[in-house]
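As structure tokens, the structure follows; a few thoughts come after it.
The values are calculated or read from the model by the stated rules, or taken from the named source; none is laboratory data. Quick caveat: nothing in here was measured; it's all calculated off a predicted structure. Cβ placement follows ideal geometry from the backbone for every residue including glycine, while neighbour counts extend to all protein chains displayed.
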Amino acid sequence: IWLAAHNGRPLTWISLGSPHAADFGAGWLRLFNGGVLVTCGLRHVGPPESDQRSGQFRDLHGDFSLLRAYNVAVHGGWQAERYVAEVTGEVAEASLFGEQLHLTRTVRFSLGEPAVEIVDVVENRYDAPTPFMLLHHFNFGYPLVQEGVRLHVAHAAV
């Protein structure tokens, strides 16, 4: 989810940097352009590292945000007294003879309601167990982040 605005004001931080190809290591920082939600993973979410066992290099926050979505669909319609919109899409983080991680995402919202529902389903389609990591990187800005604002989160929902 890249841009969100209310009355013409963006609710998120957007980077001034221009996306371009980057070297290994902190490449994610060069390509990161902000937005409401950036997804990190699926094989790695931390700092750049080399896997001691496999020798594979893992870039900052993984490859997920650099991958293209497919089977993207938009649906909308009236449900009782409210208009509900839903966007679905799929992303595969896969390699030949390697991991086959597949994420299906649904983003749902109703017009006039201050809520967005995000549902992610991750599947391992490889023939061996594959660990995965998933980080939802939210980037809120003014006016959501300013002096006096408080965030209340139900602990059961975290």
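Which one is modelled with the lowest pLDDT, of the residues in region 111-158 that are among the polar types (S, T, N, Q) and in contact with a strand residue (DSSP E or B) (Cβ under 8 Å, 6 or more places away or on another chain)? Spell out how you get there, then give the answer.
Step one: filter region 111-158 for residues among the polar types (S, T, N, Q), giving 124, 130, 139, 146.
Imposing the further condition that a residue be in contact with a strand residue (DSSP E or B) (Cβ under 8 Å, 6 or more places away or on another chain) reduces the set to 124, 130, 139.
Working: Asn124: 97, Thr130: 91, Asn139: 87.
The extreme case among them is Asn139.
Might you check whether a residue that is among the hydrophobic types (A, V, I, L, M, F, W, C), outside any strand (DSSP E or B), out of contact with any helix residue (DSSP H, G or I) (no Cβ under 8 Å at 6 or more places or on another chain) and surrounded by 12 or more Cβ atoms within 10 Å (Cβ to Cβ) occurs anywhere in region 116-127? Show your work before the answer.
Applying the first criterion (among the hydrophobic types (A, V, I, L, M, F, W, C)) to region 116-127 yields 116, 118-119, 121-122.
Okay, now just the ones that are also outside any strand (DSSP E or B), so none.
No: region 116-127 contains no residue that is among the hydrophobic types (A, V, I, L, M, F, W, C), outside any strand (DSSP E or B), out of contact with any helix residue (DSSP H, G or I) (no Cβ under 8 Å at 6 or more places or on another chain) and surrounded by 12 or more Cβ atoms within 10 Å (Cβ to Cβ).
Anything in region 44-58 that is in a strand (DSSP E or B) and surrounded by fewer than 13 Cβ atoms within 10 Å (Cβ to Cβ)? List them, or say none.
Step one: filter region 44-58 for residues in a strand (DSSP E or B), giving 49-50, 57-58.
Within region 44-58, Ser50, Phe57 meet the criteria.
Take region 59-111 and flag every residue that is at negative phi, in contact (Cβ under 8 Å) with a residue 12 or more places away in the chain and either among the acidic types (Asp, Glu) or part of a loop (DSSP other than H, G, I, E, B) (or both).
Passing the criteria: Asp59, Leu60, Asp63, Leu67, Arg68, Ala69, Glu86, Glu90, Glu93, Gly98, Glu99, Leu111.
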